[in-house]
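Each value in this text was obtained by applying a stated rule to the coordinates, not by laboratory testing. Keep in mind it's a predicted model, so treat the numbers as computed, not measured. Note: ideal-geometry Cβ built from the backbone for every residue, glycine included; neighbour counts use all protein chains shown.
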Amino acid sequence: MDTDAGAKVKVGSSKFPLSSWEVAMAALVVAGFALGLAGVYLTMPASDYSFLRLPRSLEDLQILRDNLEGYTSDYTLQVLVGYCMVYIFMQTFMIPGTVFMSLLAGALFGVFKGVALVVFAATAGASSCYFLSKLIGRPIIFSLWPDKLLFFQAQVAKRKERLLNYMLFLRVTPTLPNTFINFASPIVDVPYHTFLLATVIGLIPAAYVTVRAGIAIGDLRSVGDLYDFQSIATLFFIGVLSITPTLIGKSES
């Protein structure tokens with residue numbers, strides 16, 4: 001059965017390039033984000049915004065933090081909306097660098113507000129990526145990750161009865177990249193309600209680690225400093241707890 005399902009994905013994934021309708025839908029999503037960001041920009045006070053750019057390093061992040069701290073207190077709503085739109089856009093189109101955005105949330109809003117903001121934005125971005133992939137993702141993902149897709153499909157098929165536990169395990173641990181999970185889930189028939197619940201709950205531990213580090217961003221020398229042995233071990237422990245019911249169920253059957 002798994003072989004047939006894998007073949008089905010392979011045959012359905014060979015359609016390339018995308019149709020004009022699929023390209024138009026993707027362009028419409030991009031245009032929507034562009035209009036939203038333009039609206040946020042136009043409501044901000046006249047100033048020099050040359051510092052605004054997607055952070056690619058800790059130095060870029062510190063510049064953003066230093067310049068946005070004053071705006072955050074006076075224009076909280078605009079900063080929140082702009083932050084969420086950028087984060088969701090990056091998640092939707094699998095643009096690297098959301099870890100820097102999570103650090104920025106900690107630097108600007110503190111631990112609890114920062115974690116809530118990151119979990120919300122990351123979940124919204126993951127959901128947006130899920131539905132975009134449902135529309136146009138099949139040929140793209142098979143051309144990018146064919147082997148990983150078939151592996152993920154086989155694992156999902158074996159764990160249909162306790163799929164939530166397995167998805168939680170994937171979210172908490174770095175077993176598969178989150179960008180891949182977001183894009184591949186609709187292709188391998190992970191129901192959205194399962195995807196959503198696993199995303200909301202599963203992102204909290206890693207979000208807490210990253211946001212907390214953002215408070216002391218000046219002490220970080222590299223992104224690798226975020227995940228020390230204790231943090232990684234804790235995430236894996238939580239992941240093992242989440243998948244334990246699945247393992248128990250298999251042993252009983």
With label points built 7 Å along Cα→Cβ from the Cα atoms of residue 34 and residue 197, find their separation and express it in nm. 3.9 nm
Using the alpha-carbon centroid of each, what span in Å lies between segment 114-144 and segment 59-91? 21 Å
What base-10 log of the normalised intensity I(q)/I(0) is obtained for segment 75-159 from the Debye formula, alpha carbons as equal point scatterers, at q = 0.13, 0.26 Å⁻¹? -0.53, -1.21
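Give, in nm to one decimal, the length gained when the segment between residue 76 and residue 144 is fully stretched (0.36 nm per residue of separation minus the Cα-Cα distance). Intermediate results must be reported in sequence, preceding the final value.
Working: separation 68, 0.36 × 68 = 24.48 nm, distance 3.91 nm.
Gain in length upon complete extension: 20.6 nm.
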